[in-house]
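A short write-up of the structure that comes next.
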Amino acid sequence: MTPKILHVPPPVSDTERPVPRWAMRLAYALPLLLLPSCLWRLPFAFHFEMGQVQEHGMPPYWVSIPYVLGLSVLSEVIAILGIGLVRGWGEVAPAWIPVIGGRRIRPMAAVVPAVLGGLILTLLFTNVPIGDGRSLTLYGIIDTVDYTNDAWETLASVCLAPTAVWGPIMITLALTYYRRRTRPVAE
């Protein structure tokens, strides 16, 4: 007896060569991994501090609302673009795109931005705790944010932790895309 699943995976026939099943799953999971951090961020737009102790206060609404909403939407759009590394629209530009629509995409035109973006994301979201409420990051030593209680801090950690794997996932998907697209055809 075969188990019934709720979701049928998309066909891989729209790509030139088969995509590894793990890469397909990873690409589709990426927007869902980032969704908690995007949702965590939204209350800050309306000056709800989510249990954080803010020393300097919040920026005015005309700054915080577009910034936070834009950052959340941009994060999800970039994550969704990662799906192009495992789908046919990442190999041939969709017909509706002006000038390049319907043309084959060169592998390096997708790999270079994905790897560079993955490296930048890895550097941005990697920090090393060094004690005394401080962390070492790419841009120096920073003080970590204080919370009013442990529940808020745990919620923040659970929501924000998946962003640490965003960069490595993009790099992995890009390298898999490159190998799949540049591998000689077996005859």
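The values are calculated or read from the model by the stated rules, or taken from the named source; none is laboratory data. Being a predicted model, the structure only gives us computed values, none of them experimental. We place every Cβ from the backbone using ideal geometry, glycine too, and count neighbours over all the protein chains shown. These area figures cover heavy atoms from the full protein model, side chains too; ligands, DNA and RNA do not enter into them. Shrake-Rupley method; radii C 1.70, N 1.55, O 1.52, S 1.80 Å.
Summarising the amide proton neighbourhood of Val92: residues at separation of 5 or more, or on other chains, whose placed amide H is nearer than 5 Å comprise Ile105.
In this structure the amide hydrogen of Tyr147, modeled in the peptide plane, comes within under 5 Å of the amide hydrogens of Val53, none closer than 5 places in sequence on its chain.
Note that region 162-172 has calculated 3J(HN,Hα) couplings of x, 5, 5, 9, 4, x, x, 5, 4, 5, 4 Hz, one per residue in order, obtained from phi through the Karplus relation 6.51 cos²θ - 1.76 cosθ + 1.60 (θ = phi - 60°); glycine and proline are x. Rolling a 1.4 Å probe over the heavy atoms of the protein chains gives region 1-148 an accessible area of 67 Å² per residue.
Using only side-chain charges placed at the Cβ, +1 for Lys and Arg and -1 for Asp and Glu, the dipole size of the chain relative to its Cα centre rounds to 1260 debye. If you take the charge dipole of the chain about its Cα centre, with +1 on Lys and Arg Cβ and -1 on Asp and Glu Cβ, which of Gly101, Gly140, Trp40 is farthest toward its positive end? Of Gly101, Gly140, Trp40, it is Gly101.
Karplus-derived 3J(HN,Hα) values for region 131-142, using 6.51 cos²θ - 1.76 cosθ + 1.60 with θ = phi - 60°, are x, 6, x, 10, 9, 9, 10, 4, 9, x, 8, 10 Hz; glycine and proline are entered as x.
Protein heavy-atom surface of the chain, 1.4 angstrom probe: 69% of the accessible area is carbon and sulfur, with nucleic acids and ligands not counted. Helix content alone sets the calculated 222 nm mean residue ellipticity of the chain: runs of n ≥ 4 DSSP H residues at -39500 (n - 2.57) each, divided across all residues, give -16500 deg cm²/dmol. Relative contact order of the chain: 28 percent, from C-alpha pairs under 8 Å at least 6 residues apart in sequence.
3J(HN,Hα) along region 97-113: 7, x, 6, 9, x, x, 8, 6, 8, 5, x, 5, 5, 9, 6, 4, x Hz, from the Karplus curve 6.51 cos²θ - 1.76 cosθ + 1.60 with θ = phi - 60°, whole Hz, x for Gly and Pro. Under 5 Å from the amide H of Arg134 lie the amide H atoms of Thr144, each residue being 5 or more positions distant or on a separate chain, with H modelled from the backbone and absent for Pro and chain starts. In this calculation the C-beta distance from Ser135 to Leu71 is compared with R0 = 22 Å, giving a FRET efficiency of 0.60. Summary of the geometry: region 145-187 and region 56-115, compared by the centres of their Cα atoms, lie 16 Å apart. Across region 49-157, C-alpha contacts under 8 Å between residues 6 or more apart give a mean separation that, scaled by the residue count, equals a relative contact order of 26 percent.
Shape class of the chain from the alpha-carbon gyration tensor: prolate, with a/c at 1.5 or above and a/b greater than b/c.
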